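Here's the structure, in structure tokens; my notes come after.
The values are calculated or read from the model by the stated rules, or taken from the named source; none is laboratory data. Note that the structure is predicted; figures quoted are calculated from it, not measured. All Cβ positions, even for glycine, are placed from backbone atoms using ideal geometry, and neighbour counts span all protein chains on display.
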Amino acid sequence: MITSSAPGKIYLFGEHAVVYGENAICCAIELRTHVQAEFNDHIEINSVLGRSGLNFEKHPYVSAAIERMKEFAPVDGVKININSELPVGSGLGSSAALTVSTIQALNHLFHCGLSLEQIADLGYNVEWDVQGNASPTDTYVSTMGGVFMLPSRRKLELNDCGIVIGDTKKNSSTKKLVTNVAELKNRFPEIVTSILSTIGKITYCGEYSVCNGDYESIGKLMNINQGLLDSIGVGSLELSQLIYSARSKGAYGAKLTGAGGGGCMIALADASKTVDVSDAIKSAGGVPITTNITDKGVVVE
Ligand code: PMV
């Protein structure tokens, strides 16, 4: 039996602006999706959603990953068990972590010899198969682990900072929010273009602060980034409540992560403050998860 796991991700800066070619910084986090794979006489997939065979409704990402892996091995009989620490559909890259982890488990079980670059590319293809569109960011960061400047994929170092995630438990559609921003940009091209370009500049300054381990500056830049995300309509009351409550308990900074409109926010906090920040998020109606940035990408355990 092979067990593999892959991390989820957060955006420190730059979501939405990255769609228009601006810079963003994306980080793998310690929350992971674990996939066990073993030989079986037929295909069986087990998760919290239940048991199925190859089933594109119930288990779309694993089914699409199996289909793609048939290019490299006869994946006809395999049993897959999924166990995830990542909330689904909330901007933390749960589908990418599941996809990449499944590919790596099959890669080892069937001795396909795929490299990490190949796994990231295949993962991106699987997300395309399932979603009809996808950004390569989630699958790349989940495969490699660490902190990346996008779109260049330059690797950055950021150690020892506490991240508290607040889940609003409200799902949102990335596609819809990206469309809304595009519509706003069509209506007010000069204003929205300059906001997106300012977000790109925040990321640029953020890179400098990340490289210097200057958490206070990172936090302040996250707050400015949040204000601009709000201005283009991807915030929500629930996100703001969690963000303001985290800031009031001493977080360096807090903002939404991913598409917004619901999903999750993140707060950057000193280790001595993470409990207070987490409690504040809970009191404001969110589900707090304390985690860290990780360099550990997809691995066989
Ligand atoms: O919510 P997520 O994790 O799918 O992130 C979306 C990030 C966007 O910048 C809004 C879209 C994208 O593809 O980069």
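Here are the numbers:
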| read-out | value |
| --- | --- |
| Condition check for S94: modelled with pLDDT under 90 and within 27 Å of A284 (Cα to Cα) | no |
| Residue match in the stretch 21-40 (condition: part of a loop (DSSP other than H, G, I, E, B), more than 16 Å from the ligand (Cβ to nearest atom) and at pLDDT 95 or above) | yes |
| Per-region count, the stretch 233-263, residues more than 21 Å from the chain's Cα centre (by Cα) and either assigned to a helix (DSSP H, G or I) or within 16 Å of the ligand (Cβ to nearest atom) (or both) | 6 |
| Any pair with Cβ under 6 angstrom, 6 or more apart, that starts in the stretch 133-155 at a residue that is farther than 16 Å from Q118 by Cα and ends at one that is among the hydroxyl-bearing types (S, T, Y) | L150/T137 |
| Selection status of V277, touching a residue at least 60 places away in the same chain (Cβ under 8 Å), of a type outside the set (S, T, N, Q), under 27 Å from S5 (Cα atoms) and away from the ligand (no atom under 16 Å from the Cβ) | no |
| Flag if E67 is surrounded by fewer than 18 Cβ atoms within 10 Å (Cβ to Cβ) and free of Cβ contacts under 8 Å to residues at least 12 places away in the same chain | no |
| Yes/no for G286 being out of contact with any helix residue (DSSP H, G or I) (no Cβ under 6 Å at 6 or more places or on another chain), modelled with pLDDT of 95 or more, buried (at least 22 other Cβ atoms within 10 Å of the Cβ) and of a type outside the set (S, T, Y) | no |
| Residues satisfying the stated conditions in the stretch 41-71, i.e. in a helix (DSSP H, G or I) and of a type outside the set (D, E) | P60, Y61, V62, S63, A64, A65, I66, R68, M69 |
| Answer from V126, V130, V75, V62 - the residue that is aliphatic (A, V, I, L, M) and within 14 Å of the ligand (Cβ to nearest atom) | V130 |
| Subset of the stretch 121-134 that is aliphatic (A, V, I, L, M) and assigned to a helix (DSSP H, G or I) - its residue that is surrounded by the fewest Cβ atoms within 10 Å (Cβ to Cβ) | V130 |
| First in the stretch 164-191 and closer than 14 Å to G263 by Cα and not assigned by TED's automatic domain parsing to the domain that holds G21, second anywhere and modelled with pLDDT under 95 and of a type in the set (V, I, T), Cβ under 8 Å, 6 or more apart | none |
| Filtered residues of the stretch 87-119 (kept if within 16 Å of the ligand (Cβ to nearest atom) and crowded, with 24+ Cβ neighbours inside 10 Å) | G91, L92, G93, S95, A96, A97, L98, T99, V100 |
| Matching residues, the stretch 135-182, being among the charged types (D, E, K, R), within 13 Å of the ligand (Cβ to nearest atom) and in a loop (DSSP other than H, G, I, E, B) | K170 |
| Sole exception among (1) surrounded by fewer than 23 Cβ atoms within 10 Å (Cβ to Cβ); (2) within 30 Å of I103 (Cα to Cα) for G213, by number | (2) |
| Residue in the stretch 112-120 that is modelled with pLDDT of 95 or more, aliphatic (A, V, I, L, M) and assigned to a loop (DSSP other than H, G, I, E, B) present | yes |
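This table checks each residue for (1) closer than 14 Å to I202 by Cβ; (2) of a type in the set (A, V, I, L, M); (3) free of Cβ contacts under 8 Å to residues at least 24 places away in the same chain; (4) touching a helix residue (DSSP H, G or I) at 6+ places or on another chain (Cβ under 9 Å).
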position	(1), (2), (3), (4)
S5	no, no, no, yes
F13	yes, no, no, yes
V18	yes, yes, no, yes
L31	no, yes, no, yes
D41	no, no, no, no
